[in-house]
Amino acid sequence: MKFDLIISGGMVVDGTGASRQRTDIGVSKGVIRAIGDLSGTLATNTIDARGQIVAPGVIDLHTHYDAQLHWDPYCTSSCWHGTTTVLTGNCGFGYSPCHPDQQDRYMSMMENTEQVPFTVQKTALTWDWETFPEWMAHLKQLPKGVNVGAYLPMNPLLVYVMGADVKTRPANEAERARMRELMNEALDAGASGFAFSLLGSGNGHVDHDGTPVPTDIMDPEEAYNLAQVLRDRQEGIIQVLVEGRQVCNREVGQKLAEISRRPILYNAITAFDAPPDSSPEVLAIADRWQESIAWSEELEKEGLEVYLQAVTVRGWVELKIEDATIFNSVPVLSEIHQCSSVEELTTLISDPEYRQRAHEAYQPEHNVTAGGGFPAMVVGNAHGSEEYTPFEGQRVGDIAKALDKPELDVFFDILLATEMQVDFRLNEATSRDPNKIETLARHRRVIPGTSDGGAHVKMFQFGNYSTDLINLLVREEGRMTLEEVHSALSWRPARAARLHKRGALLEDYAADIIVYDYDKLTHATTYEVRNDLPNEDWRRVLPAEGMSYVLVNGEVICDHGELTNKHPGRLISTTSIDPESLGQSGSAGSS
């Protein structure tokens with residue numbers, strides 16, 4: 001037998017948890033056909049993997065690459081770190097179904113929630129779809145470097161069916177019947193299920209007009225209505241964002257599991273490193289992830305599948321105030337993000353009355369899930385400010401102590417002194433504690449990662465979670481084996497999401513494969529700024545080092561960090577439907 005490709009001599013970690021072995025892998029037509037000694041066997045192409053690790057591609061179930069796919073088929077930065085499959089439409093944000101007069105609203109919502117610039121979307125999106133089946137047909141024809149799945153996002157669905165008064169009332173029975181119909185239509189077209197957030201006003205995501213997005217304030221019955229469709233069909237999964245900075249609607253996730261009897265991907269679980277002298281309220285928020293794990297175990301005993309999607313990367317944030325969204329969940333501070341110009345913001349934070357309101361409203365617990373909040377913001381570049389340039393490299397909280405001023409006033413004063421141009425860095429966006437990260441990564445009901453890829457590109461990117469997890473838990477701490485970590489990064493999410501024959505290096509499985517130099521696998525400690533968005537807009541990226549090859553369906557898409565201009569990615573689903581096998585379906589105006 002002649003193979004299209006043989007990866008020879010590598011140390012194969014197959015993702016199932018089985019012990020590694022030095023062996024060869026033969027690939028034909030995008031599928032692994034043989035694993036074993038293939039010396040002397042013919043192949044069109046060969047990769048010499050001697051001295052390197054060969055493992056399954058990373059599966060990222062929480063991304064927002066819906067827009068970025070239109071100008072970046074590889075979903076960078078994620079693919080540089082070994083991601084070969086992404087799921088889009090998370091948190092209920094997306095672009096279909098959509099009436100033509102709602103297009104700008106959806107793009108504004110995506111800008112406010114996921115920080116994808118409106119002008120970038122306006123340039124890149126063709127809007128040759130209205131229904132979800134048309135959206136899937138559109139994705140199918142896009143060049144894709146990675147595999148892509150899509151949820152039916154609930155915000156567009158609610159707006160599409162309920163119209164302008166979507167946030168003023170529950171849906172009526174006719175509207176709920178229509179949404180069930182559209183859910184069935186979406187599943188027929190290969191939707192992986194549906195997704196939404198329900199966090200009230202305690203969410204950093206806000207709608208096009210600065211108010212909560214529709215799902216955050218909807219009657220939960222709208223989601224239960226769709227869950228019944230999944231139960232009737234016995235397919236699909238549900239992604240929920242019901243646990244956040246100030247809100248924990250855990251009971252909604254449980255009821256969805258009870259109604260649907262399908263896997264629930266519960267978001268978002270994050271461990272935080274609160275100082276030990278913190279208030280009981282702060283410590284309770286910081287430790288909530290442990291309660292969530294215990295909760296998932298209790299549901300497991302009842303036969304319910306709830307998987308906790310966890311942020312496990314040692315991440316950081318770099319930002320200017322105009323790009324920050326971390327205060328949106330604090331009403332008085334969210335006014336900062338509602339200012340449309342430097343002049344308007346200057347007027348706001350110079351106003352003594354506003355400062356007094358801010359002092360009265362802001363509580364220490366607001367800092368916990370905002371990387372420590374403004375007290376933890378490190379002044380990176382004070383842009384020549386005579387007063388604050390000497391404090392570059394220091395935290396706002398420490399500067400406040402040195403100046404004997406309230407932290408909030410120092411934060412505002414730095415903004416004014418630099419004319420809003422100060423560069424901040426938050427080094428405490430997520431936990432650095434290896435004990436906490438190991439507990440999350442090991443647990444059978446936790447999906448580590450949650451890159452949020454494609455979103456917040458002017459503040460951070462967490463697509464490096466795979467390389468960071470390998471570095472922290474295997475190479476630096478020796479707490480887990482490569483077998484265990486790769487199982488958590490690929491096999492576990494594939495099984496939770498019901499992805500067919502992906503997530504492991506086994507015969508007859510898709511050849512989504514990474515080859516890397518274990519000793520050199522790393523990344524920079526600061527983001528690189530690139531003007532590679534449409535209209536030459538900019539973003540922050542984090543390339544990988546030591547990642548030799550990334551293969552999707554048997555073709556190399558990334559060769560030592562260089563993209564290959566090949567597009568072997570497929571449109572996939574967590575259901576029995578193969579979207580690639582479907583012709584264009586759905587018709588505009590079918591509502």
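The values are calculated or read from the model by the stated rules, or taken from the named source; none is laboratory data. Computed from a predicted model, the values in this text were never measured in an experiment. Positions of Cβ are generated from backbone atoms using ideal geometry, with glycine treated the same way; all protein chains shown enter the neighbour counts.
One line per residue, one yes/no per condition, for (1) in contact (Cβ under 8 Å) with a residue 24 or more places away in the chain; (2) surrounded by fewer than 24 Cβ atoms within 10 Å (Cβ to Cβ); (3) acidic (Asp, Glu):
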residue: THR16; (1), (2), (3): yes, yes, no
residue: ARG22; (1), (2), (3): no, yes, no
residue: VAL31; (1), (2), (3): yes, yes, no
residue: THR44; (1), (2), (3): yes, yes, no
residue: ILE53; (1), (2), (3): yes, yes, no
residue: THR76; (1), (2), (3): yes, no, no
residue: THR84; (1), (2), (3): yes, no, no
residue: THR88; (1), (2), (3): yes, no, no
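With modelled with pLDDT under 95, surrounded by 23 or more Cβ atoms within 10 Å (Cβ to Cβ) and in contact with a His (Cβ under 9 Å, 6 or more places away or on another chain) as the only criterion, which of ASN203, ASN267 stands out?
ASN267
How many residues are in contact with a Phe, Trp or Tyr (Cβ under 6 Å, 6 or more places away or on another chain) and either outside any strand (DSSP E or B) or aliphatic (A, V, I, L, M) (or both) when one looks only at region 543-556?
Qualifying residue count, region 543-556: 5.
Search region 90-110 for residues being hydrophobic (A, V, I, L, M, F, W, C) and not in a helix (DSSP H, G or I), and hand back the single one that is surrounded by the fewest Cβ atoms within 10 Å (Cβ to Cβ).
Filtering region 90-110 for residues that are hydrophobic (A, V, I, L, M, F, W, C) and not in a helix (DSSP H, G or I), the one surrounded by the fewest Cβ atoms within 10 Å (Cβ to Cβ) comes out as CYS98.
Quick check: is even one residue across region 103-124 in contact with a Ser or Thr (Cβ under 6 Å, 6 or more places away or on another chain) and among the polar types (S, T, N, Q)?
No, there is no match, as no residue in region 103-124 is in contact with a Ser or Thr (Cβ under 6 Å, 6 or more places away or on another chain) and among the polar types (S, T, N, Q).
Given (1) on the phi < 0 side of the Ramachandran plot; (2) within 16 Å of the chain's Cα centre (by Cα), where does GLY449 come up short, assuming only one miss?
(1)
Where the second residue is surrounded by 11 or more Cβ atoms within 10 Å (Cβ to Cβ) and polar (S, T, N, Q) and the first is closer than 11 Å to SER548 by Cβ and lies in region 517-528, which pairs have Cβ atoms under 6 Å and are six or more apart or on separate chains?
What qualifies is ASP517/GLN52; LEU521/THR467.
Would you mind listing the strands (runs of 3 or more DSSP E) fully within region 429-533 where at least 2 residues are within 21 Å of LEU265 (Cα to Cα)?
In region 429-533, 446-449 are the strands (runs of 3 or more DSSP E) which contain 2 or more residues that are within 21 Å of LEU265 (Cα to Cα).
If you take the residues in region 548-577 that are of a type in the set (S, T, N, Q) and either in the same structural domain as VAL146 (by TED's automatic domain parsing) or surrounded by fewer than 19 Cβ atoms within 10 Å (Cβ to Cβ) (or both), which one is farthest from ASN45 (Cα to Cα)?
SER576
Does VAL161 qualify as being hydrophobic (A, V, I, L, M, F, W, C) and closer than 30 Å to ASP323 by Cα?
No; evaluated as a whole, the condition is false for this residue.
Listed here are the residues, each with its yes/no results for (1) closer than 13 Å to LEU308 by Cα; (2) part of a loop (DSSP other than H, G, I, E, B); (3) in contact (Cβ under 8 Å) with a residue 24 or more places away in the chain; (4) in the same structural domain as GLN290 (by TED's automatic domain parsing).
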| position | (1), (2), (3), (4) |
| --- | --- |
| TYR224 | no, no, yes, yes |
| GLN228 | no, no, yes, yes |
| ARG231 | no, no, yes, yes |
| GLU235 | no, yes, yes, yes |
| VAL240 | yes, no, yes, yes |
| GLY253 | yes, no, yes, yes |
| GLU258 | no, no, yes, yes |
| TYR266 | yes, no, yes, yes |
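The rows are residues; the columns are (1) touching a strand residue (DSSP E or B) at 6+ places or on another chain (Cβ under 6 Å); (2) in a strand (DSSP E or B); (3) within 17 Å of MET218 (Cα to Cα).
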| site | (1), (2), (3) |
| --- | --- |
| GLU130 | no, no, no |
| TRP135 | no, no, no |
| LYS140 | yes, no, no |
| VAL159 | no, no, yes |
